[in-house]
Each structure stands twice: as C-alpha cells, then as structure tokens.
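Here the structure is laid out as structure tokens; the discussion comes afterwards.
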Amino acid sequence: MDGPNSRQERAQARAPEMELIREAQAGSRAAFDALVRQYEQQVLRLALHLTGSEQDAEDIYQEAFLKAYRYIGNFRFECSFYTWIYRIVTNLCLDQLRRRKTRREDHAVVLDRSGDEIDLLASVSDDRSFSNPAKELDRKVLGQRIQLALGKLTPRERMVFELKHYQGLRLRTIGEMLHTTEETAKNTLFRATKKLRAQLADSR
Amino acid sequence: MNCEVAHERIVTAAYGELPDEQMHELERHIAGCQDCETEQQQLRALKMLLDADPVVEPPANLVARSRIRLEEALDALPPKGWFERFNLRMINNLAGLQAAPLAACLLLVAGAGAGCVGGYEFAQSRAAHAAASAAATLASEQAPSGPTEIANISGIVRQPNSEIVEVSYNQLVPHRIQGSLDDPGIRQLLMLASENSASAGVRDDSVGLMAAECRAGHGCQAAGIRDALMVALRYDKNASVRMKALKGLEPHVIEDVRVRDAVLEALLNDSDPRIRTEAIGVLQPVGADTSVRQVLHSIANTDRNPHIRTASMEVLSHMPEIQ
C-alpha cells in the first residue's frame, strides 16, 4: 500500500535514487539492478493482484523492467521514477486486461480462482472460519463474486480502482500514470464503484 | 449541493481525497438527506466487502524466479554502445534546451542570421569572381558545338540580376591514340583493357598483344605486363583470353615462381580442359619442381578428363629423363 510512511521513505530515498538513475542512464547495470530491487516488490504486487495469475505477473515484471532498461535514457526527472515505472507497468497490465477481456467475451469463461486463493481469503477471516467449513466456502464464493464483479469493469476502470482502492495511490498520481487528469481519474473511480455496487448488490 | 454531486463526493471522501471545506458541506447535506446517507453506507459496505479479496505480498519464490529471468534477459542484451549513450545524452541535452525556449529561440535566430549573412557574403564574392573570370572561362572552355558531345548537365546557376547563366556539363569525348607496343602509355591502356573492358573481344586483343610481347621478350617486366597476364589467367571469364595469357606466361615459368604458381592454379582449377592440357605442356620444363610434381600426381588421379589424366601421367613418367 502507498501509505504516508512509504511515501516518506520514498522521499528520503529520492536523492540516492536520482544518483542511481543517472548511473543507470550512463550504462551501469549495477545501478539498474539496484533500481529493480527497489521496485520489484511493488510491481509484482500490483501485477499479481490485477491479473490474479503468477505467470502473468512474472511476464509483466519481465517486460516492464526490460522496457525500463531500454528507455531509461528517456527518463528526464519530470516525474518521480516511481510514477514512471508504474506508468510502464500499468500500460502492460492494461494490455493484459484487454486481451483477457476479449478472450473471456469470446468463450464466456468465468475467472475461477483456485487453491492458493482460498488461503488468501482465509488470511483476512477470523480464526473461527478455519473451523467452519461452511463459512470458508462462503468466503471462497464471495472471493469469486468479487473477481467476477471486478472483471466486469472496463480495463481502465479496473486499473483506476486497483490503484486507488487496493494500492492506495492519490488520484493525482493515478492521473499522471495513466496520462490523464485527476478529474478524469476521479470520475472513472466513481463509475467503477457504482458498477461494483450493482454487481455485488445481493452479496451483502 | 444536489444529490448527484454528493454521490460523487461520497466516493472521493471515502478514499480520503475530499478537501476539508467540501467535506463539511457534504456532511451537512448528508445529515438532511436520507438518500445520500444510504449511499454512503452502501459504499462503506462495498469497501468492507472488497477487503475480503486483499492485496497479498508476492510469494518469495515468484520474486526470485522473476528476478533470475530478468537477469538472464539483461545478460543476453548487447551492452549499450558509446553511440547509444551519446545519442541519449544528446536527446537529454535537447530536452534541456526545450526547457529554456527563449535560449533555444535566440540560438536559432542567431544561427539563421549568421547563416544568411555568411551565405550572402559568399554569394557576393562568388558572383564577383565569376563575373571577372567569365570571359576567360568562355574563351578557354569552348562551348559545345552540338548536343551529341554532352553526357549530362550537372548544374545551372543564374547570376543575380543579370542575363548570365552558368551551366556545368560533362562531356564524353572518345579519344584515339596511336603508338608503339613498347610505349608505356599504350601498355598502360592495354593493361587497363585486360582488366576492365566489358567486351571480351577487347580483353582478348589486349591480352593477345601483351602475350605476344612477352613471348618475344619485349620488356615483359614482373610488375607490368606479366602481372596483368597472371590476373587474366586467374580471373578472366573468357577461356580464349585465359589461353592467350597462359601462352604469354610460358617463357617465364622457369624463372618466376609466381608465374609457376599461377599456371599450377590454372591446371588445378580452370574449368576449360584445353587450358588444363596446355598448362601441363607449359609446366614440363619445371617438372622437377616438387610442387609441380605433386599437382601433376593429383591431376593424374583426380582430373575429370581422361586425356588430361593420361597427359599428366605421361609427363610424370618422362620425369627421370628430364631430370
């Protein structure tokens, strides 16, 4: 999450980070590796939650950092490096979501999460749910319904909602990442919540 | 505030992005609007519900796997060259310039101005120079008498404010030269013809003449005609030209090892059996040479042509007599 603490840490890390970026731009592989270490966790977290697939997340990670390596010379310190790298990642994720949407519409496949996701859902439940198979099943079904509802959003709505609700970014930053304004990001978020409420109306 | 605006602000507020003054306004509105209060509660419920599908930290092995894959891909990339880095630096510098549009404009204006002034000065001096030498030029360079002499027009420049036009053209004038075969100029032309002429007939003539000179012992120096004949023997496409070159080289096979090598190559590689047969004959005087014998042995065993195999065997069998 993008809490105030992590933001503060980033601000503190900014000065040495700029040095790293300059070195990477001058061709230093070690500096680039250090930048990868700094952001890989966040990149994977976003890609994994958005796509729900480790394989897709891994592919996005790979492609995003290869792109960053290739184009790091174009980075001009006009925005934070964090925004820049997120811009690459969100673009790749959007492509992935669009591809998936087309596939799903073609085959009417419902995104079904398996195995690991049960644990994932259980991790937020209270202890009693472990001893209550019926409740656990409820949670699994609920998780599936949430995924289904999120899947009904347009890729852009899904992205704005992800960045705001799950990743906790500011709307202004989201606008910057998606090459749009804060106002548009706000409207998109509003549309997304409306759709989600309609989708999940009878789950509550 | 109407309810539509309030609904939007409820979302913004729920995510902590509503400015304080709007927040108070919204609170006042909700306090008096049942509909909007329900809206707010529903949104809270949605947020709670969605927390059932939280963001999890990526598993450590996924991180490790991704990192290894990326490192492998980066290792496989060619290192960024100095040119690429230089380009990036230039692009970044240009971007810096964009950030200072006034300076960029000034630089552009100054550059353009200097270019104009310089160009004008240059044109002025050129025009003056051209006017001064125009008469002399016209006198020395005769105007073409007919269009047939002109190969092409390479440029037309009109001098400012005058009727004078400067036309640059190229002429294709055939020349003819007559001289003794011993004349270095003639020999130079013959050598040129043996290598460059598109016509096999011309090459044939030149090589034939040079070969005759060599056989007659007329100044067949190693660096001149002899080299040209060796080139013709090795590379000319026309068999008749190669044959003439071979005959011209015959007298030198004993004293010049390079000639011997060229003839051996012809014997091994030439596509024409007549040339290979002739080469055997040419090599007879140097049959004692080890390399010649080796080649003859190999030819006696492997040549496609039975006559050539027989001929080289014959030469080999006479070898003791020759020695």
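The values are calculated or read from the model by the stated rules, or taken from the named source; none is laboratory data. No experiment lies behind these values; they were computed from the predicted model shown. We place every Cβ from the backbone using ideal geometry, glycine too, and count neighbours over all the protein chains shown. Remember, those area values only see protein heavy atoms, side chains included, never the ligands or the DNA or RNA. Shrake-Rupley method; radii C 1.70, N 1.55, O 1.52, S 1.80 Å.
Count, for each residue of A:73-84, the Cβ atoms from other chains sitting within 10 Å of its Cβ, then give me the mean as a whole number.
Rounded to a whole number, the mean comes out at 2.
Can you compute 3J(HN,Hα) from phi for each residue in segment B:154-169, using the Karplus curve 6.51 cos²θ - 1.76 cosθ + 1.60 with θ = phi - 60°, rounded to whole Hz and x for Gly and Pro?
Using θ = phi - 60°, the values come out as 9, x, 10, 10, 8, 6, x, 6, 8, 8, 7, 10, 10, 10, 9, 9 Hz.
Report, by chain and number, residues whose modeled amide H sits under 5 Å from the one on B:Y169, excluding near sequence neighbours (fewer than 5 apart, same chain).
Result for B:Y169 returns B:S154.
Could you name the lysines in cross-link range of A:K67, using Cα to Cα under 19 Å and dropping any fewer than eight places away on the same chain?
Candidates past the 8-residue exclusion: B:K80.
Would you mind computing, in nm to one decimal, how far apart the modelled labels at A:Q55 and A:F77 are, each placed 7 Å from Cα along Cα→Cβ?
Inter-label distance under the simple model: 4.3 nm.
Mind checking the mean number of beta-carbon atoms from other chains within 10 Å of the Cβ atoms in A:189-200?
Across the residues of A:189-200, the mean count of other-chain Cβ atoms within 10 Å is 4.
In whole Hz, with x marking every Gly and Pro, tabulate ³J(HN,Hα) for segment A:88-102 from phi via Karplus 6.51 cos²θ - 1.76 cosθ + 1.60, θ = phi - 60°.
Values per residue, Gly and Pro as x: 4, 5, 5, 4, 5, 5, 4, 4, 5, 5, 5, 4, 5, 4, 4 Hz.
What does the structure give for B:60-70 when I average, per residue, the other chain Cβ atoms found within 10 Å of the residue Cβ?
5
Give a residue-ordered list of calculated ³J(HN,Hα) values for segment A:157-166 (Karplus: 6.51 cos²θ - 1.76 cosθ + 1.60, θ = phi - 60°; whole Hz; x for Gly, Pro).
Listing the rounded values in order: 4, 4, 5, 5, 4, 4, 5, 7, 6, 8 Hz.
Put a dot 7 Å past each Cα toward the Cβ at B:Q294 and B:S180; how far apart are the dots in nm?
Here the modelled spin labels are 4.4 nm apart.
Could you tell me, in Å, what Rg and Dmax come out for the Cα atoms of segment B:3-52?
10.7, 33
Suppose R0 equals 35 Å; then what is the FRET efficiency for B:A216 and B:N305 from their Cβ-Cβ distance, rounded to the nearest 0.05?
0.65
Highest mean first, how do A:56-63, B:282-289 rank when packing is the count of other Cβ atoms within 10 Å averaged over residues?
The densest-packed peptide leads the list: A:56-63, B:282-289.
For the pair B:A64/B:E166, report the inter-label distance in nm, with labels modelled 7 Å from Cα in the Cβ direction.
It works out to 7.8 nm between the two label points.
Of all accessible surface on segment B:3-52 at a 1.4 Å probe, what whole percent is carbon and sulfur?
Reported share for carbon and sulfur atoms: 47 percent.
Per residue, how much accessible area does segment B:3-52 show when a 1.4 Å probe rolls over the protein heavy atoms, in square angstrom?
55 Å²
If the cut-off is a Cα-Cα distance under 17 Å, which lysines reach A:K194, setting aside same-chain residues fewer than 8 apart in sequence?
Qualifying lysines at Cα under 17 Å: A:K152, A:K164, A:K186, B:K47.
Can you compute the charge dipole magnitude of segment B:3-52 about its Cα centre, using +1 on each Lys and Arg Cβ and -1 on each Asp and Glu Cβ, nothing else charged? Give it in debye, rounded to the nearest 20.
Once rounded to the nearest 20, the dipole reads 180 debye.
Report Rg(Cα)/(2.2 N^0.38 Å) for segment B:179-273, keeping two decimals.
0.98
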